[in-house]
Amino acid sequence: MSPDFIGIGAQKAGTTWLYQNLRPHPRIWIPWKEIHYFDRKIKLTSGPYSRLFGEDRREYRWDKRDFHWDGTSSRSFPSDLLWLYKYFVRSPGDDWYLSLFQPSGERVSGEITPSYSILDREMVAHVHALVPEAKIIFMMRNPIERAWSQAVMRLTNKDYAVDETSEERFHRRFGRRASQLRTDYQRTLENWGSFFPEEQIFIGFLEDASLHPEELLENVYGFLGVDPAFRPPAWGERVNSTSVGEMPTSIALYLARSYLEDLESLSERFGGYASFWLHCARRLIEDPPKEESIPYPFWETLLWEEWDGPKTVYRSGLLSALRTTG
């Protein structure tokens, strides 16, 4: 047994929304959101004690929300216990990874680990060699918003007050290699597209999760080959939002300048929302707001109204389709 699909990110681009809406589908089985095999666990060589109580326990932490028996889960209590035993006690490896999807039975199985978006080409080659038929789902978000949202999340997790954090600290965080790689969508698509054909790659946009959630779900379900008419209980709700609703204007301007070249390439390649992202960056650079902070997400601001693109745009879909219609 092997996963039928892998969600590879990007971080802060709607992967939790995706997980919460895929998991309740009766024809889909997901063990839990982030397994982190190909980016972290594949490198571990420790035994069960270290994984449970020692230095590697951080790699095996789990959220109690991933295991609930309220009648909506696609799993059962005994199978959950067996899965937990396998997950914690057996040493990670390719066979271990594949075994995690055995309980899926006839259902479509998969996992979502946002950090997979920054895997290098060699590791993507390993993923393909192990699961060549897997379908890949990649969610994208305006790079300005994604970088800011990740920085806010990291600072909040470390008990830093966002409004008391210096601009220099933000700049250092934006300049970190991990942050830059997570927003380098072209690199991600080049690495994964070098091994997985376009018909196996689905590109989603965070805007669609808010503006057109029903259409986005139908497309994702259809891509995975399950009933597209199913609607999970909370399909229209936002989840896992760390947005503070406002972004310092100086930070937005800094990120707009930093990502302008990338946004030009993305706009040319995908059109639609990517063109809106480019509009936001150019607008910030050419006519910076006089206010100290600006609201976001940008599709809920005047920037959306100013954009001369189609306001009913729906852009999520297969990579090949986006390339030909963008």
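It is to be established whether one or more residues within the stretch 223-230 are surrounded by 16 or more Cβ atoms within 10 Å (Cβ to Cβ), in contact (Cβ under 8 Å) with a residue 24 or more places away in the chain and under 20 Å from ASN142 (Cβ atoms).
Within the stretch 223-230, not a single residue is surrounded by 16 or more Cβ atoms within 10 Å (Cβ to Cβ), in contact (Cβ under 8 Å) with a residue 24 or more places away in the chain and under 20 Å from ASN142 (Cβ atoms).
Which one is modelled with the lowest pLDDT, of the residues in the stretch 9-53 that are polar (S, T, N, Q) and more than 19 Å from the chain's Cα centre (by Cα)? It would help to see each step written out before you state the result.
Kept after step one, since they are polar (S, T, N, Q), are these residues of the stretch 9-53: 11, 15-16, 20-21, 45-46, 50.
If we keep only those that are more than 19 Å from the chain's Cα centre (by Cα) as well, we get 45-46, 50.
On the way: THR45: 66, SER46: 60, SER50: 53.
Restricting to residues being polar (S, T, N, Q) and more than 19 Å from the chain's Cα centre (by Cα), the top hit is SER50.
Only one residue in SER104, SER117 is touching a Gly at 6+ places or on another chain (Cβ under 6 Å), closer than 26 Å to ARG23 by Cα and either surrounded by fewer than 21 Cβ atoms within 10 Å (Cβ to Cβ) or small (Gly, Ala, Ser) (or both), so which one is that?
Result of the check over SER104, SER117: SER117.
Give me the residue from the stretch 3-47 that is surrounded by 18 or more Cβ atoms within 10 Å (Cβ to Cβ) and small (Gly, Ala, Ser) and, out of that set, nearest to GLU215 (Cα to Cα).
So, considering only residues that are surrounded by 18 or more Cβ atoms within 10 Å (Cβ to Cβ) and small (Gly, Ala, Ser), the one nearest to GLU215 (Cα to Cα) is GLY14.
Pick out the one residue from SER194, SER210, SER250 that is surrounded by fewer than 20 Cβ atoms within 10 Å (Cβ to Cβ) and closer than 30 Å to SER166 by Cβ. Before the answer, list the steps.
Numbers: SER194 fails: closer than 30 Å to SER166 by Cβ; SER210 fails: closer than 30 Å to SER166 by Cβ.
So the residue among SER194, SER210, SER250 that is surrounded by fewer than 20 Cβ atoms within 10 Å (Cβ to Cβ) and closer than 30 Å to SER166 by Cβ is SER250.
Sort out which residues of the stretch 294-326 are of a type in the set (D, E, K, R), surrounded by fewer than 16 Cβ atoms within 10 Å (Cβ to Cβ) and modelled with pLDDT under 85, and write them in order of number.
Answer for the stretch 294-326, where residues must be of a type in the set (D, E, K, R), surrounded by fewer than 16 Cβ atoms within 10 Å (Cβ to Cβ) and modelled with pLDDT under 85: LYS311, ARG323.
Kindly indicate whether any position in the stretch 267-287 is surrounded by 19 or more Cβ atoms within 10 Å (Cβ to Cβ), under 17 Å from ASN142 (Cβ atoms) and at pLDDT below 90.
Among the residues of the stretch 267-287, not one is surrounded by 19 or more Cβ atoms within 10 Å (Cβ to Cβ), under 17 Å from ASN142 (Cβ atoms) and at pLDDT below 90, which makes the answer no.
Among the residues that make up the stretch 139-156, is at least one of them touching an Asp or Glu at 6+ places or on another chain (Cβ under 7 Å) and either in contact (Cβ under 8 Å) with a residue 24 or more places away in the chain or crowded, with 17+ Cβ neighbours inside 10 Å (or both)?
Narrowing the stretch 139-156 to residues touching an Asp or Glu at 6+ places or on another chain (Cβ under 7 Å): 143.
From the residues that got through so far, the ones that are either in contact (Cβ under 8 Å) with a residue 24 or more places away in the chain or crowded, with 17+ Cβ neighbours inside 10 Å (or both) too are 143.
Yes.
Just one of (1) more than 24 Å from VAL124 (Cα to Cα); (2) assigned to a strand (DSSP E or B); (3) not hydrophobic (A, V, I, L, M, F, W, C) trips up GLY222, so point out which.
(2)
Right, GLU261: part of a loop (DSSP other than H, G, I, E, B), acidic (Asp, Glu), at pLDDT 90 or above and surrounded by fewer than 16 Cβ atoms within 10 Å (Cβ to Cβ) or not? Let's see the steps before the verdict.
Details: part of a loop (DSSP other than H, G, I, E, B): no; acidic (Asp, Glu): yes; at pLDDT 90 or above: yes; surrounded by fewer than 16 Cβ atoms within 10 Å (Cβ to Cβ): yes.
Spelling it out, it is not the case that GLU261 is part of a loop (DSSP other than H, G, I, E, B), acidic (Asp, Glu), at pLDDT 90 or above and surrounded by fewer than 16 Cβ atoms within 10 Å (Cβ to Cβ).
The values are calculated or read from the model by the stated rules, or taken from the named source; none is laboratory data. Remember, predicted model here, so these are calculated numbers, not experimental data. We place every Cβ from the backbone using ideal geometry, glycine too, and count neighbours over all the protein chains shown.
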